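Everything below concerns the one structure shown next.
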Amino acid sequence: MATKMGSYIAHKFPLRCMYSEEWQKIKTKVPLNLWKKVEELDFDGPDTAVITALEKLVSGPELSIYGKEQEIKIQELEKRLEDEQRCDQELQSKIQELEKLLEGEQRRNLELQSKIQELEKRLEDEQRHNQDSQSKTQELEKRLEDEQRRNLELQRELELRMEEAQKQIKDLQKGLEKAERREIYFEEMHNNYMMQVQTLINQKQIVAPGAKKSWWRFW
């Protein structure tokens, strides 16, 4: 009975060796009591028994149910894959948008960096100019101090000269006053003298002509 069963299974499910396919070597272990039952079926060998069982498994209704479950799982996986791809596309779009924003920010940062460098250069120029101006200011302040000191010295010298000139003017005024007094004195003397001369002339005219003068008269 076992021999007929094995022959029937081998006939019903012929080996795939008749197809020009490549072979896959497998290695497995089965329970001993199960293998004894397989031996009772009188297969040509372990390969025939395994291939026959696999053929039965592939063409059996259980496999169709399993295949449908797998197909559902595949569809679910495909849907999840589509969702993941759509999500990836959205992420890719966001990444591109962020990259574009990043490029804009980088360009803006470069512009800001350029402006900062320009402002730093202008600041350096202003600082250099301020230093030059400060140096010139210090030089002018020093010159101003020197001029003020010189002006003070000149002012002091002028004051001394003015004091000396005022003293000389006072001395000249005193001398002028003395000269004026002398002039008045000499003028008075001259006037007195002229009055005396006129008096003598008048007296001489009064004397009669031909009269002898006294011995003590000189004119």
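Quick look at the values:
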quantity: Hits in the stretch 132-151 (condition: over 30 Å from the mean Cα position of the chain (by Cα) and of a type in the set (Asp, Glu)); calculated: Glu139, Glu141, Glu145, Asp146, Glu147
quantity: Some residue of the stretch 73-92 being in a helix (DSSP H, G or I), under 30 Å from Trp23 (Cβ atoms) and of a type in the set (D, E, K, R); calculated: yes
quantity: Filter result for Phe186 (of a type in the set (Phe, Trp, Tyr) and modelled with pLDDT of 85 or more); calculated: yes
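The values are calculated or read from the model by the stated rules, or taken from the named source; none is laboratory data. Since we're looking at a predicted model, the values are computed, not measured. Cβ atoms come from the backbone with ideal geometry, glycine included; neighbour counts cover every protein chain shown.
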